[in-house]
Amino acid sequence: MGPIFKTMIVTASLILAGTSAFAETNWERNHPRREQVNDRLENQGRRINRELREGEISPQQARRLHREDRAIRQEERTMARFDGGHITRADQQALNQQENAVSRQIGR
């Protein structure tokens, strides 16, 4: 094996290693609706923290919003428990409506 071939192998393995970090996990592939709901909740949590840090909302408002998000996450888990670890399309729509209501309260 020549040095150029070895360099190509090392480069290819580095590229493959870097792209695997972006690959979906098995759980994400098997639970896309739950993943979508949970991703939104995580994003809203970051938004709440950012608004608190920037002084756009009070600590009391942030606690209330985080509490509402935790209630939505708990409801998502309860719904999944009744459907073998999955949530239905109707469950996802109901959870998204609740998330929309919380989202509208962030940074008003």
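No other residue among Thr7, Thr19, Thr11, Thr25 is at pLDDT below 90 and under 24 Å from Arg70 (Cβ atoms) apart from Thr25.
Restricting attention to segment 80-105, the residues that are under 15 Å from Arg40 (Cβ atoms), of a type in the set (A, V, I, L, M) and buried (at least 18 other Cβ atoms within 10 Å of the Cβ) total 3.
Within segment 24-34, the set of residues being assigned to a helix (DSSP H, G or I) and either more than 14 Å from Arg89 (Cβ to Cβ) or touching a Cys at 6+ places or on another chain (Cβ under 6 Å) (or both) comprises Asn26, Trp27, Glu28, Arg29, Asn30.
Suppose we keep only residues that are surrounded by 13 or more Cβ atoms within 10 Å (Cβ to Cβ) and either of a type in the set (A, V, I, L, M) or on the phi > 0 side of the Ramachandran plot (or both) within segment 52-79. Which one would you say is nearest to the chain's Cα centre (by Cα)? If we take residues in segment 52-79 being surrounded by 13 or more Cβ atoms within 10 Å (Cβ to Cβ) and either of a type in the set (A, V, I, L, M) or on the phi > 0 side of the Ramachandran plot (or both), then Ile72 is nearest to the chain's Cα centre (by Cα).
The values are calculated or read from the model by the stated rules, or taken from the named source; none is laboratory data. Everything quoted here is computed from the prediction, not taken from an experiment. Here the Cβ is made from the backbone with ideal geometry for all residues, glycine too, and neighbour counts use every protein chain on show.
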